[in-house]
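The values are calculated or read from the model by the stated rules, or taken from the named source; none is laboratory data. Just so we're clear, the structure is a prediction, and the values are computed from it rather than from any experiment. Cβ placement follows ideal geometry from the backbone for every residue including glycine, while neighbour counts extend to all protein chains displayed.
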Amino acid sequence: MTQTRKKVSVTDLDAMKGKEKIAVLTSYDYLMSLICDRAGVDVILVGDSAGMVVLGHPSTVPVGMPEMLVFCGAVSRGAKRAMIVGDMPFGSYQPSTSMAIENAVQFIKAGCDAVKLEGGTEVADKVRALVDAGVPVMGHIGLKPQTAALWEGYRLKGKTADSASRLVKDAQALEKAGAFAIVLEMVASEAAEIITKKVSVPTIGIGSGPGCDGQVLVLHDLLGIYEDIKPRFVKRYAELAKPILDAVAGYAQDVKAGRFPEEQNTFHMSPDEMQKMRRKK
């Protein structure tokens, strides 16, 4: 009898803080989520980075709720153990608290266990409202991709004492509002370590050093598939873009040359049925 693995919960992540590092990856489809789940990933983030690596947009901004809900549904059908966190896209929570709640509920109905939204003190009220509505929330501070291009661009955060202090306040505001974890993106390692010690909830780093309680990467970066942008903080555990290109090119060349399909790839009628077919001509 196959033993069903226990679903990762908010309580589990809370218990891991300071004791066991939390492994988080982004994923956007059924097959990759199935693989991530089997590999022992604790949390799968259905990131709005799908707008770039799946849909081909230049940033995360154009992706909307309809696309995100499709991705979330696919991931939920693949991952059974990992916690699934849906990334609320730009414009889905900023206009009003009521809109934030309505859209967050759609994520939960699509199969997510929680949602993530970007911002610190400025979104604390919305985080509290979502938590009060029964929706677990993961925060996100430091570099905020949804609005980075509108302000300072994609730059390291927490490099100065003042900047780091503001991030500490953001993290504490999110913790007080009820966020169960906080992503720290491109935060100076020293600042990230201080933030991690200042809050009781787990921190998940991306480009923020080893002092965080966990780490997250975009799966396509990890696998070496997405080549448009190669962030310094990414460790590429494979370089699959070229082998995939070679395989597809090999297929195309075999089709053109008549080498595929071969006999082993072909199905036949029985001789009797073939004779019947010939007589019908």
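Looking at this structure, is L25 in a strand (DSSP E or B) and either under 14 Å from H220 (Cα atoms) or in the same structural domain as A129 (by TED's automatic domain parsing) (or both)? It is true that L25 is in a strand (DSSP E or B) and either under 14 Å from H220 (Cα atoms) or in the same structural domain as A129 (by TED's automatic domain parsing) (or both).
Looking at the stretch 224-243, which of the residues that are among the aliphatic types (A, V, I, L, M) and farther than 14 Å from G207 by Cβ is surrounded by the fewest Cβ atoms within 10 Å (Cβ to Cβ)?
Restricting to residues being among the aliphatic types (A, V, I, L, M) and farther than 14 Å from G207 by Cβ, the top hit is A238.
Whether a residue is over 24 Å from P202 (Cα atoms) and in a helix (DSSP H, G or I) was assessed, and L69 passes this test.
Of all the criteria given as (1) surrounded by 10 or more Cβ atoms within 10 Å (Cβ to Cβ); (2) at pLDDT 95 or above; (3) assigned to a helix (DSSP H, G or I), the one not satisfied by R259 is (3). Within this structure, I182 passes the test of being in the same structural domain as D29 (by TED's automatic domain parsing), surrounded by 23 or more Cβ atoms within 10 Å (Cβ to Cβ), aliphatic (A, V, I, L, M) and within 20 Å of the chain's Cα centre (by Cα).
Looking for something in contact (Cβ under 8 Å) with a residue 60 or more places away in the chain and closer than 18 Å to G51 by Cα - is there at least one such residue anywhere in the stretch 203-217? Talk me through it step by step, then tell me what you get.
Here is the first cut: in the stretch 203-217, the ones in contact (Cβ under 8 Å) with a residue 60 or more places away in the chain are 204, 207-208, 213-217.
Still in the running and closer than 18 Å to G51 by Cα: 216-217.
The answer is yes, given that some residue of the stretch 203-217 is in contact (Cβ under 8 Å) with a residue 60 or more places away in the chain and closer than 18 Å to G51 by Cα.
Please indicate, with yes or no, whether at least one residue in the stretch 100-109 is within 29 Å of D29 (Cα to Cα) and touching a strand residue (DSSP E or B) at 6+ places or on another chain (Cβ under 7 Å).
Yes, because at least one residue in the stretch 100-109 is within 29 Å of D29 (Cα to Cα) and touching a strand residue (DSSP E or B) at 6+ places or on another chain (Cβ under 7 Å).
Screening the candidates G205, G209 for the property of being closer than 22 Å to G142 by Cβ, assigned to a loop (DSSP other than H, G, I, E, B) and modelled with pLDDT of 95 or more yields one hit, G209. Confirm whether A104 is closer than 20 Å to A179 by Cβ, in contact with a Lys or Arg (Cβ under 7 Å, 6 or more places away or on another chain) and without any contact (Cβ under 8 Å) to a residue 40 or more places away in the chain. Taking the combined requirement at face value, the residue does not satisfy it. Residue count for the stretch 180-202 under the criterion of being of a type in the set (D, E) and either farther than 12 Å from I141 by Cα or modelled with pLDDT under 95 (or both): the result is 2. Taking the stretch 169-226 as the range and being over 21 Å from M16 (Cβ atoms) and acidic (D, E) as the test, the residues that pass are D170, E190, D221.
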